[in-house]
Amino acid sequence: MKKNSASVAVIGSGIAGLSAAIRLALQGKQVVVFEQNPYTGGKITAFEKQGYRFDMGPSLFTAPHLVDELFELAGKIPSNYFQYHTHDEACRYFWLDGERITLFPSIDRNVEAITTVFGNESGKRVRKYFDDARKKFELTAPFFLESSLHKMKTFLSPRVLKVISAIPRLGLFTTLDDQNKRYFKEPKLVQLFNRYATYNGSSPYQTPGIMQMISYLEHGMGTHFPVGGMHAISQSLTKLAQELGVQFELNAKVERILLEKKQVRGLVVNRAERMFDIVVCNSDIKHAYHKLLPKNMRRPKKTLAQEPSSSALIFYWGIGQTFPVMDLHNIIFSEDYKEEFHRISSNGPFWEDPTIYVHISNRLEVNDAPKGKDSWFVMVNVPYDQGQDWEDIVGKVRRKIIERISSVLGKDIAPLIETEEILTPPQIHSRTSSVGGALYGTSSNERMAAFLRHSNKSSSVKGLYFCGGSVHPGGGVPLCILSGKIAAEWIEEDE
């Protein structure tokens, strides 16, 4: 461990904050993490009720090597802290007309499955889709995801020339929907691959075609699930951070970031001033500018004006029966996907035809539900909170979800719901300071969205850095880990 006595405050213990804290501790800094909740992990938390265990936040786990890397940097054996299952299925997809298909983290198996279920699809074109997704990811990830887009040296790298020369093929000037239609004849397949826009809270009819690369995370790199559930990610990283000397203060609400002559001086936490040399803000970027930073400081107007990402309405159901037709990840598609996204973006009656995601953790973590029963995480995409009547919406969405799932399973599931908890956008906002409950900060509904995401370093305040899903490179567990990494590396370079 390097020696450096600089004191660092990290606002928020989400995955990005934990990633940054661990790396900063390894630089020898004195790190204190302030968390407004009584637990660490941000959106990644869990609860138990009547014999069922539920992960409350993200449910998809890809790129586990990024978690392992944090332990390896500390000289630890990752498996002593964190273990995970590698699953042989990516997702099961269902349509209301009875059509269904299972896809895998295997290109060969996917080509076979797609051409078997949809006989009008060419195996050659299907294989090309997956191959092109891989090429887009491998070409752009080191540039768009693993490096800062706000450093000149990033653009001076030789690999940038490869990216620039490939721009006409990256799909930056078309939508994901248009991109997918170039490969597939079957509308249901276009719909299936359009759903990857939701991985960053966007619409496939607006987000650029380069988002095709997101599918590579599942089908090329594999799908996994942590032993102990998603909650194990945050808890194992918290343990590592504590072993490295990071201090955690829970129930500690940060009220202001203190500045003096455009330099960080510290924080106001629970009404008390705390002095620090450096502040890393893992809070939502809009919350940071609207609530934590002085109102008279310069603001990134274009970034703050970006459209918020979608939010989610989640039902946690203990189901008194198991349904083998469903696996770890399941999608029941709406009948009119384009209209669904239009209604979400326009705050219309999106509950009339929702796409439903069902995550059943006890498919791999058998103790998450009593024997012969299922632990269901049921989610639909919804607009961010704008003052809607969520009590009314919850009732309508719940009825439609029960109707749709019952239709697919051929059995009324309503009497099988033994326990229930609900998470709404206002609750997400309250617990995580994500403005409006937007899951990914801003959407990626325009081709320059990646460049409009806020930098991991303040351009106007010395000693102020940012990480998390609302800044570069974006939301989701892998990107948040990288966000913390970029912020920590920038701090080290600045010194």
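Looking at region 260-360, the strands (runs of 3 or more DSSP E) lying wholly inside it that each contain 2 or more residues that are open to solvent by 20 Å² or more (accessible area, probe 1.4 Å) sit at 272-275.
Once region 57-67 is narrowed to residues that are crowded, with 22+ Cβ neighbours inside 10 Å and more than 28 Å from GLU493 (Cβ to Cβ), the residue that is modelled with the highest pLDDT is PHE61. Free of Cβ contacts under 8 Å to residues at least 24 places away in the same chain and open to solvent by less than 20 Å² (accessible area, probe 1.4 Å): does that describe VAL111? Spelling it out, VAL111 is indeed free of Cβ contacts under 8 Å to residues at least 24 places away in the same chain and open to solvent by less than 20 Å² (accessible area, probe 1.4 Å).
Every condition in (1) open to solvent by less than 90 Å² (accessible area, probe 1.4 Å); (2) at pLDDT 95 or above holds for THR116 except the one numbered (1). For region 164-180, does any single residue satisfy the condition of being among the hydrophobic types (A, V, I, L, M, F, W, C), at pLDDT 85 or above and surrounded by 14 or more Cβ atoms within 10 Å (Cβ to Cβ)? Yes, region 164-180 contains a residue that is among the hydrophobic types (A, V, I, L, M, F, W, C), at pLDDT 85 or above and surrounded by 14 or more Cβ atoms within 10 Å (Cβ to Cβ). Against the conditions (1) touching a Leu at 6+ places or on another chain (Cβ under 9 Å); (2) under 30 Å from GLY12 (Cα atoms); (3) among the acidic types (Asp, Glu), ASP277 satisfies every one except (1). A single entry from SER79, SER122, SER106, SER19 fulfils the requirement of being open to solvent by less than 10 Å² (accessible area, probe 1.4 Å) and hydroxyl-bearing (Ser, Thr, Tyr): SER19.
The single condition among (1) within 24 Å of PHE466 (Cβ to Cβ); (2) open to solvent by less than 20 Å² (accessible area, probe 1.4 Å); (3) at pLDDT 85 or above that TYR199 does not meet is (2). Scoring GLY28 on the criteria (1) surrounded by fewer than 21 Cβ atoms within 10 Å (Cβ to Cβ); (2) in contact (Cβ under 8 Å) with a residue 60 or more places away in the chain leaves a single failure, condition (2).
When you scan region 179-195, do you find a residue that is under 17 Å from the mean Cα position of the chain (by Cα) and not polar (S, T, N, Q), even just one? Yes, region 179-195 contains at least one residue that is under 17 Å from the mean Cα position of the chain (by Cα) and not polar (S, T, N, Q). Here is a check on your reading of the model: is ARG53 surrounded by fewer than 21 Cβ atoms within 10 Å (Cβ to Cβ), of a type outside the set (Val, Ile, Thr), assigned to a strand (DSSP E or B) and touching a Lys or Arg at 6+ places or on another chain (Cβ under 8 Å)? So ARG53 does not fit the description; no.
The lone criterion from (1) open to solvent by 20 Å² or more (accessible area, probe 1.4 Å); (2) part of a helix (DSSP H, G or I); (3) touching a residue at least 12 places away in the same chain (Cβ under 8 Å) left unmet by LEU70 is number (1). Could we say that ARG92 is open to solvent by 40 Å² or more (accessible area, probe 1.4 Å), within 25 Å of VAL366 (Cβ to Cβ), part of a strand (DSSP E or B) and touching a strand residue (DSSP E or B) at 6+ places or on another chain (Cβ under 9 Å) here? In short, yes. In region 1-48, of all residues being over 23 Å from the mean Cα position of the chain (by Cα) and among the hydroxyl-bearing types (Ser, Thr, Tyr), the one that is modelled with the lowest pLDDT corresponds to SER5. Considering each residue of region 137-154 in turn, at least one proves to be in a helix (DSSP H, G or I), buried (at least 19 other Cβ atoms within 10 Å of the Cβ), at pLDDT 90 or above and at negative phi.
Residue-wise test of (1) more than 19 Å from GLY469 (Cα to Cα); (2) in contact with a strand residue (DSSP E or B) (Cβ under 8 Å, 6 or more places away or on another chain).
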site: GLN242; (1), (2): yes, yes
site: ALA252; (1), (2): yes, yes
site: ARG256; (1), (2): yes, yes
site: GLU273; (1), (2): yes, yes
site: CYS281; (1), (2): no, yes
site: ASP284; (1), (2): no, no
site: HIS290; (1), (2): no, no
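Applying the criterion of at least 2 residues that are open to solvent by less than 10 Å² (accessible area, probe 1.4 Å), out of contact with any Gly (no Cβ under 6 Å at 6 or more places or on another chain) and at pLDDT 95 or above to the helices (runs of 4 or more DSSP H) found wholly in region 387-485 leaves 390-409.
The values are calculated or read from the model by the stated rules, or taken from the named source; none is laboratory data. Predicted model, so just to flag it, every value in this text is computed and none were measured. Neighbour counts are summed over all protein chains in view; Cβ atoms, including those assigned to glycine, are modelled from backbone coordinates with ideal geometry. Each accessible area value is taken on the protein alone, full model and side chains, heavy atoms only, with ligands, DNA and RNA left out. Shrake-Rupley method; radii C 1.70, N 1.55, O 1.52, S 1.80 Å.
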